[in-house]
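Below: one structure, written as structure tokens.
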Amino acid sequence: MATFQSPRGTRDILPEDQPSWTHVKRVAEEVAMQMGFSPITVPTYEELSLFQRAIGEGTDIQDKELFIVRGRQSNSDEERYALRPEGTAGIVRAFIQHGMQTRTQPVKLFSTIQNFRYDRPQKGRYREHTQFDLEYFGDVSPFADAWIIYTSWRILERLELHTVQLDVNSLGTEEERIHYCKKLSLYLEANAEALSEDSRRRIHTNPLRVLDSKDRNDQGVREHAPTLADSLSESSATHFKEVLSYLTTWNIPFTINPFLVRGLDYYSHTAFEWTVNSDSGQQSSLGGGGRYDGLMKKLDGPHVGAVGVALGLDRVVELLATQNVPVPKSKKPDLYLIAADEKGTVFCTEIIPKIWQYCPKLHLECDLGKVNVGNQLKRAVKIESHYVLVIGTQEQESGNFTLKNLRDSTTEHYSSLESLLEFLKNEG
Ligand code: AMP
């Protein structure tokens, strides 16, 4: 076994696994741009206090899963950073820092990000994972909520994933939720004995999380809990209805799930989640999001509306494989250049820049450090190059070249390098 292994809960994504990742990221970015989102890149780590403020206590992410980082030479307590456990806090920080509320609204942003959570690793759950993040700022209307859902739906649809389900719920306004949480805490307190230990701990810190607990006992207790829907004001109920009406018009199937809450306490109004049933019948979450107007206020930002979604790309990529969805393969080389002898090697080395000058898009492979023609040819076949060009003293002196097409086993003769390049120009 190698001395060093990738850290627990992390993975190497090897070249043969890259095509699905490239495909997923490309589709996600294409759809996002088609739907008016612009790319943003923010740091992988932020001040610890940003996450403490944004994510809040009583969440696993905050209490147990943060990776705290510090420079080796820093011993100041003020200089404390954390690797980002999710994307929204950093993007909202950037929005506020750069005064993006003064730009033409709405501001729609996307980012493909690495997140870090010190969680118990298992299938589909890693300590470093990749998310595709979409954030929609500057609109408090239900249209923004629906547009975020629509965008994430189009990404999943373009990827041709099957049996993906959308659950939606409304968490009402912050005030309504606070009021509801009090009612819920009272109810949970009265039924504390039947709850799991984790849920008992959350009765006062984060009672909403008890609603989406996977524990059987907790699920029994929640059946008779007061519902959020009953605590919504008329305007919140209307907001939710309008979101659902957009989804219906756009033919996006959904299920209203009264137990769906988001883990983080800055959410209000719409909350949603994309899930899929795995082979074992277990439900796996592909992504989720919702409206989080409250986060801006928490981070001392302007009072503009904000909605977002994060798709978990590790799970999306795994699903493509389990559902046997074909993904575009990585491009094979167009031309493999083989040197037959020493003179050939010198000539090949000299013409490489010329080939790219004529054919800038050509995917060229060569291995001029190897002298054995047979080995070079074997490799050209193995990596499925379209054409092979063998060059030795004879070709260099005569200016005649023979191009082999490995796909149909034909050969073509050219009486000058220029005529050969003229042909290759259209092949790249
Ligand atoms: P969250 O930010 O917790 O709402 O997660 C959004 C999506 O990211 C989830 O639905 C998962 O698909 C994915 N995700 C979250 N945590 C992990 C993890 N530890 N490993 C892999 N994917 C994750």
(message) Kindly evaluate LEU109 against the criterion of being surrounded by 21 or more Cβ atoms within 10 Å (Cβ to Cβ), among the aliphatic types (A, V, I, L, M), within 13 Å of the ligand (Cβ to nearest atom) and at pLDDT 95 or above.
(response) no
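Give SER38, SER6, SER49, SER20 a once-over and let me know the one that is exposed (fewer than 13 other Cβ atoms within 10 Å of the Cβ) and in contact (Cβ under 8 Å) with a residue 40 or more places away in the chain. It would help to see each step written out before you state the result.
Numbers: SER6 fails: in contact (Cβ under 8 Å) with a residue 40 or more places away in the chain; SER49 fails: in contact (Cβ under 8 Å) with a residue 40 or more places away in the chain; SER20 fails: exposed (fewer than 13 other Cβ atoms within 10 Å of the Cβ).
Being exposed (fewer than 13 other Cβ atoms within 10 Å of the Cβ) and in contact (Cβ under 8 Å) with a residue 40 or more places away in the chain holds for just one of SER38, SER6, SER49, SER20, which is SER38.
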(request) Look through the range 223-251, keep the residues that are under 32 Å from the mean Cα position of the chain (by Cα) and modelled with pLDDT under 90, and return whichever of them is surrounded by the most Cβ atoms within 10 Å (Cβ to Cβ). (result) LEU228
(request) Take the range 295-309 and flag every residue that is touching a Phe, Trp or Tyr at 6+ places or on another chain (Cβ under 7 Å) and either within 16 Å of the ligand (Cβ to nearest atom) or among the charged types (D, E, K, R) (or both). (result) LEU295, LYS298, ALA306, VAL307, GLY308
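Is it fair to say ASP119 is within 16 Å of the ligand (Cβ to nearest atom) and in contact with a Phe, Trp or Tyr (Cβ under 9 Å, 6 or more places away or on another chain)?
On the way: within 16 Å of the ligand (Cβ to nearest atom): yes; in contact with a Phe, Trp or Tyr (Cβ under 9 Å, 6 or more places away or on another chain): yes.
So ASP119 fits the description; yes.
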(request) Inspect all residues belonging to the range 70-89 and state whether any of them is within 16 Å of the ligand (Cβ to nearest atom), among the aliphatic types (A, V, I, L, M) and outside any strand (DSSP E or B). (result) yes
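For PHE254, are the conditions met, namely being in contact with a helix residue (DSSP H, G or I) (Cβ under 8 Å, 6 or more places away or on another chain), at pLDDT 95 or above, away from the ligand (no atom under 16 Å from the Cβ) and farther than 12 Å from LEU171 by Cα? Break it down stepwise before answering.
On the way: in contact with a helix residue (DSSP H, G or I) (Cβ under 8 Å, 6 or more places away or on another chain): yes; at pLDDT 95 or above: yes; away from the ligand (no atom under 16 Å from the Cβ): yes; farther than 12 Å from LEU171 by Cα: yes.
When the stated conditions are applied, PHE254 passes them.
Out of curiosity, is GLU193 modelled with pLDDT of 90 or more and surrounded by fewer than 15 Cβ atoms within 10 Å (Cβ to Cβ)? If you could, list the steps in order and put the result at the bottom.
Working: modelled with pLDDT of 90 or more: yes; surrounded by fewer than 15 Cβ atoms within 10 Å (Cβ to Cβ): yes.
So GLU193 fits the description; yes.
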(request) Sort through THR3, THR22 and tell me the only one that's away from the ligand (no atom under 16 Å from the Cβ), closer than 28 Å to ILE383 by Cβ and not basic (Lys, Arg). (result) THR22
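Residues are listed down the side, and each one gets a yes or a no for (1) under 13 Å from THR44 (Cα atoms); (2) surrounded by 22 or more Cβ atoms within 10 Å (Cβ to Cβ); (3) among the aromatic types (Phe, Trp, Tyr):
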residue: ALA94; (1), (2), (3): yes, no, no
residue: HIS98; (1), (2), (3): no, no, no
residue: GLN114; (1), (2), (3): yes, no, no
residue: PRO121; (1), (2), (3): no, no, no
residue: TYR126; (1), (2), (3): no, no, yes
residue: PHE132; (1), (2), (3): no, yes, yes
residue: TYR136; (1), (2), (3): no, yes, yes
residue: VAL140; (1), (2), (3): no, no, no
residue: TYR150; (1), (2), (3): no, no, yes
(message) Cβ-Cβ under 6 Å, sequence separation 6+ or interchain: first residue in the range 126-139 and over 13 Å from ALA28 (Cα atoms) and at pLDDT 95 or above, partner assigned to a strand (DSSP E or B) and within 13 Å of the ligand (Cβ to nearest atom). Which pairs?
(response) GLU128/GLN114; GLU128/PHE116; HIS129/ASN115; GLU135/GLY308
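Residues in the range 284-314 that are of a type in the set (D, E, K, R) and within 20 Å of ARG127 (Cα to Cα): how many? Steps first, please.
Our first condition is that a residue be of a type in the set (D, E, K, R); within the range 284-314, this holds for 291, 293, 297-298, 300, 314.
Imposing the further condition that a residue be within 20 Å of ARG127 (Cα to Cα) reduces the set to 314.
Within the range 284-314, residues that are of a type in the set (D, E, K, R) and within 20 Å of ARG127 (Cα to Cα) number 1.
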(message) Please determine whether any residue of the range 355-376 is closer than 30 Å to VAL24 by Cα, away from the ligand (no atom under 16 Å from the Cβ), loosely packed, with under 15 Cβ neighbours inside 10 Å and in contact (Cβ under 8 Å) with a residue 24 or more places away in the chain.
(response) yes
(request) Please name all residue pairs, on different chains or six or more residues apart, with Cβ atoms under 7 Å, provided the first residue is in the range 274-303 and is in a loop (DSSP other than H, G, I, E, B) and the second residue is surrounded by fewer than 14 Cβ atoms within 10 Å (Cβ to Cβ). (result) ASP279/THR322; HIS303/LYS297
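Among the residues of the range 1-45, write down those that are of a type in the set (Phe, Trp, Tyr) and part of a helix (DSSP H, G or I). Break it down stepwise before answering.
Step one: filter the range 1-45 for residues of a type in the set (Phe, Trp, Tyr), giving 4, 21, 37, 45.
Result: TRP21, single match.
The values are calculated or read from the model by the stated rules, or taken from the named source; none is laboratory data. Everything quoted here is computed from the prediction, not taken from an experiment. Glycine also receives a Cβ, built like all others from the backbone with ideal geometry; neighbour counts cover every protein chain displayed.
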